[in-house]
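For reference, the structure discussed in these notes is given below.
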Amino acid sequence: MFEMASKDAIQLGLGEPDFDPPPVAIEALKKALDDGRSKYSSIFGLPELRQAIAEYCQRYDETITSENVVVTLSGSEALMATAFTFYNKGDEILIPDPGFVFYRPHAQIHGAKPVPFPLKQENAFKPTQDDLLERITSRTKAIIVNFPSNPCGSRVSKEEVRMISDIARDKNLVLITDEVYDQIVYEGKHNSFLGQYENVVFINSFSKTYAMPGWRIGYFVAKEEFVEKLAMMHYYMVACPSTPIQLGVLAAIKHGQEFVDNMLKEFRKRREVMVHEANKVPGFNCLKPEGAFYAFPSYEQDIDDKDLARKIVEAGVICSPGSAFGAHGTKHIRFSYANNTENIKKGMAIVRQVVENL
Ligand SMILES: Cc1ncc(COP(=O)(O)O)c(C=O)c1O
């Protein structure tokens, strides 16, 4: 889709904030390079960064210490290390559908079977108890959850966190929770799965929080028994995270909250515009995202979502077909609002025109 687009197409397709990282992080990264901090770090990450991450995570689970934290080369690497650690041939892995595009191949690479559970618009893009229970068999090894959700923008209540954690506990599953959008939540507080069940692997990233997806840095948090195994896989894949990047991120954690607050304020404004404009498109029904920076409207027209997305891209707006995120994403289009309001308005006016001309 991205390659089909013309150079001046409006970008409503990207999964990365359109901001620069906090200046304090850039300065710290530069200083780390100037200071010659170019050696390997510990496998687990720099102690001072692990400590800062542990302190951050104590908002979700006050028992977390730096021993529970491993710094990775991104959320993606943390997800892959988790797959390496827990997935075996013949296992079944419950994955959200629609969901982030790595969950399925990560299972398949290890000979495990991805079992999608639906996130339906009529259920506000959250799974019901039955959606999960119906899909659990004696082979089910793990369940992946991702709230706030990419691509749906949904988040979960405390009760829903409890419901899903209870299922994982009853069925003795590893609960892999991808919370890379935990700081991009528009109303109320983020409800984390961390601390709700012993066998949780909590995955997070700095890509979205500090608008540094190209820095490639994230982390996972788990009980020490899990950390031992996860860290080994992480070590064999990447040895350790980049030392200067870790020092940059450390400065962001210590001094970057205002940056995050401002970014969130801006996303909140854009979300209003995006939802308003999307709902002006005939046949479109766009729920208000509660987190992340994606709108995921459904549409009524009798056209395949890939064909519709292609027409929209040809008309000059980059977007993603819902089915790219799983079969339940069919008849949805994902629009990212990591773009300014003017472009969102312009882009969605083009979408309206495309749909009116179908
Ligand atoms: C839900 C989700 N998880 C994980 C990632 C991976 O992020 P990164 O590898 O940049 O940390 C993304 C990126 O788009 C995402 O949307």
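The values are calculated or read from the model by the stated rules, or taken from the named source; none is laboratory data. None of the values given here were measured: they were computed from a predicted structure. Note: ideal-geometry Cβ built from the backbone for every residue, glycine included; neighbour counts use all protein chains shown.
It is to be established whether one or more residues within region 285-293 are aliphatic (A, V, I, L, M), closer than 24 Å to residue 8 by Cα and at pLDDT 95 or above. Checking region 285-293: not a single residue is aliphatic (A, V, I, L, M), closer than 24 Å to residue 8 by Cα and at pLDDT 95 or above.
Each row is one residue, and each column tells you yes or no for (1) touching a helix residue (DSSP H, G or I) at 6+ places or on another chain (Cβ under 6 Å); (2) closer than 19 Å to residue 247 by Cα; (3) more than 16 Å from the ligand (Cβ to nearest atom); (4) part of a loop (DSSP other than H, G, I, E, B).
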{"site": "5", "(1), (2), (3), (4)": "yes, no, yes, yes"}
{"site": "21", "(1), (2), (3), (4)": "no, yes, no, yes"}
{"site": "26", "(1), (2), (3), (4)": "no, yes, yes, no"}
{"site": "53", "(1), (2), (3), (4)": "no, yes, no, no"}
{"site": "62", "(1), (2), (3), (4)": "no, no, yes, yes"}
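Here 258, 179 are screened, and the one residue that is within 16 Å of the ligand (Cβ to nearest atom) and among the acidic types (Asp, Glu) is 179.
Among the residues of region 264-278, is there at least one that is part of a helix (DSSP H, G or I), within 21 Å of the chain's Cα centre (by Cα), closer than 26 Å to residue 77 by Cβ and not aliphatic (A, V, I, L, M)? Yes, region 264-278 contains at least one residue that is part of a helix (DSSP H, G or I), within 21 Å of the chain's Cα centre (by Cα), closer than 26 Å to residue 77 by Cβ and not aliphatic (A, V, I, L, M).
Residues that are modelled with pLDDT of 95 or more and in a strand (DSSP E or B) do occur in region 298-313, at least one of them. Note on region 228-239: residues that are among the small types (Gly, Ala, Ser) and either assigned to a helix (DSSP H, G or I) or within 16 Å of the ligand (Cβ to nearest atom) (or both) total 1. Residues of region 65-81 that are more than 8 Å from the ligand (Cβ to nearest atom), surrounded by fewer than 24 Cβ atoms within 10 Å (Cβ to Cβ) and assigned to a helix (DSSP H, G or I): 66, 67, 68, 80. Does residue 174 fit the bill of being buried (at least 23 other Cβ atoms within 10 Å of the Cβ), touching a helix residue (DSSP H, G or I) at 6+ places or on another chain (Cβ under 9 Å) and at pLDDT 95 or above? Against the criterion (buried (at least 23 other Cβ atoms within 10 Å of the Cβ), touching a helix residue (DSSP H, G or I) at 6+ places or on another chain (Cβ under 9 Å) and at pLDDT 95 or above), residue 174 does not qualify. The residues listed here are 234, 190; of these, the one that is in contact with a strand residue (DSSP E or B) (Cβ under 7 Å, 6 or more places away or on another chain), in contact (Cβ under 8 Å) with a residue 60 or more places away in the chain and within 29 Å of residue 47 (Cβ to Cβ) is 234.
Being away from the ligand (no atom under 14 Å from the Cβ), touching a residue at least 24 places away in the same chain (Cβ under 8 Å) and among the basic types (Lys, Arg) is a condition met by no residue of region 209-220.
Summed over region 147-181, residues that are in a loop (DSSP other than H, G, I, E, B) and within 17 Å of residue 124 (Cα to Cα) total 11. Is at least one residue of region 314-321 more than 19 Å from the chain's Cα centre (by Cα), closer than 30 Å to residue 204 by Cβ and either modelled with pLDDT of 95 or more or within 16 Å of the ligand (Cβ to nearest atom) (or both)? Yes, that holds for at least one residue. Counting the residues of region 105-161 that are polar (S, T, N, Q), closer than 25 Å to residue 85 by Cβ and either in contact with a helix residue (DSSP H, G or I) (Cβ under 7 Å, 6 or more places away or on another chain) or modelled with pLDDT under 95 (or both) gives 0. Filtered by the rule that a residue be hydrophobic (A, V, I, L, M, F, W, C) and either within 12 Å of the ligand (Cβ to nearest atom) or closer than 26 Å to residue 251 by Cβ (or both), region 195-208 gives 202, 203, 206. You will find that of 161, 200, the residue that is surrounded by fewer than 22 Cβ atoms within 10 Å (Cβ to Cβ) and β-branched (Val, Ile, Thr) is 161 and no other.
If we scan region 106-126, do we find a residue that is part of a loop (DSSP other than H, G, I, E, B), away from the ligand (no atom under 15 Å from the Cβ) and within 19 Å of residue 226 (Cα to Cα)? Yes, because at least one residue in region 106-126 is part of a loop (DSSP other than H, G, I, E, B), away from the ligand (no atom under 15 Å from the Cβ) and within 19 Å of residue 226 (Cα to Cα). Is it the case that region 106-129 has a residue that's more than 21 Å from the chain's Cα centre (by Cα), over 23 Å from residue 331 (Cα atoms), crowded, with 21+ Cβ neighbours inside 10 Å and of a type in the set (Gly, Ala, Ser)? Yes - at least one qualifying residue is present in region 106-129. For region 208-227, the tally of residues that are in a loop (DSSP other than H, G, I, E, B), of a type outside the set (Gly, Ala, Ser) and either modelled with pLDDT under 95 or closer than 16 Å to residue 79 by Cβ (or both) stands at 3. Residues that are closer than 24 Å to residue 321 by Cα, out of contact with any strand residue (DSSP E or B) (no Cβ under 6 Å at 6 or more places or on another chain) and surrounded by fewer than 17 Cβ atoms within 10 Å (Cβ to Cβ) do not occur anywhere in region 88-100.
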